[in-house]
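Below you'll find the structure, written out as structure tokens, and then a few comments.
The values are calculated or read from the model by the stated rules, or taken from the named source; none is laboratory data. Predicted model, so just to flag it, every value in this text is computed and none were measured. No Cβ is skipped: glycine too gets one built from the backbone with ideal geometry, and neighbour counts run over all protein chains shown. Accessible surface areas use protein heavy atoms only, side chains included; no ligands, DNA or RNA. Shrake-Rupley method; radii C 1.70, N 1.55, O 1.52, S 1.80 Å.
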Amino acid sequence: MKKYTILCVALGAAMLLTGCKSKESAYKQAYLKAKQQDEMAQQNQQYQQQAEQNVVTPMQEKVATQTRVVDNADNVAVRQETVSVISGSGLRNFSVVVGSFQLKENAEGLQRTLKSQGYDAQVVVNNTVSPAMYRVVATTFDTKGEAAASRSSLMTNFPGAWLLYAK
């Protein structure tokens, strides 16, 4: 009986001591995590060094001795979209868009504001994009030059104004 007691105590002690050992996989995971952090630190350091190398020297200002004014109407970008008039008198070839909205109510609110300022504002919709975009047109013209001039004057109140060529 004494032999069995000693044997049981020895087995219990062996199980107790072997159950508390740390597993090799835990050490491996900690090592991999530390290695990954070191790699990230090295990449950040390389990125900072590249950013420092790409520094551009500031421009130097010089006084202009001659100035020439060039008509810029042909350099104004024009977007070409297929649109349908929702409310308004109709579009001509070139229009000045001062707002684009996903909600029709917002476009109509800007249209009312423009009409109160004396513009013949219109709301058109572009269904070719998803979601549909409601464009608010402040002015519309037959020629690009007239539209560009109108856009230039509207840019003070509507900095994002752009030209639309309606298909």
Inset, instruction - Test SER87 against the stated conditions and say whether it is modelled with pLDDT under 95, crowded, with 16+ Cβ neighbours inside 10 Å and not aliphatic (A, V, I, L, M). - result: no
Inset, instruction - Could you list, in sequence order, all residues of segment 132-148 that are open to solvent by less than 40 Å² (accessible area, probe 1.4 Å) and assigned to a loop (DSSP other than H, G, I, E, B)? - result: ALA132
Legend entry - Only listed residue being β-branched (Val, Ile, Thr), out of contact with any His (no Cβ under 8 Å at 6 or more places or on another chain), at pLDDT 95 or above and closer than 13 Å to ALA147 by Cβ, chosen from VAL96, VAL76, VAL123: VAL96
Inset, instruction - Say whether the condition of being under 19 Å from PRO131 (Cβ atoms), open to solvent by 70 Å² or more (accessible area, probe 1.4 Å) and not in a strand (DSSP E or B) is met by at least one residue in segment 110-119. - result: no
Inset, instruction - Would you check if VAL129 is modelled with pLDDT under 85 and either out of contact with any Phe, Trp or Tyr (no Cβ under 8 Å at 6 or more places or on another chain) or outside any loop (DSSP other than H, G, I, E, B) (or both)? - result: no
Legend entry - Odd one out for ARG151, checked against (1) in contact (Cβ under 8 Å) with a residue 40 or more places away in the chain; (2) open to solvent by less than 50 Å² (accessible area, probe 1.4 Å); (3) within 20 Å of GLU81 (Cα to Cα): (2)
Legend entry - Exclusive hit being over 14 Å from LEU154 (Cα atoms), touching a Pro at 6+ places or on another chain (Cβ under 8 Å) and free of Cβ contacts under 8 Å to residues at least 60 places away in the same chain, set GLN122, GLN102: GLN102
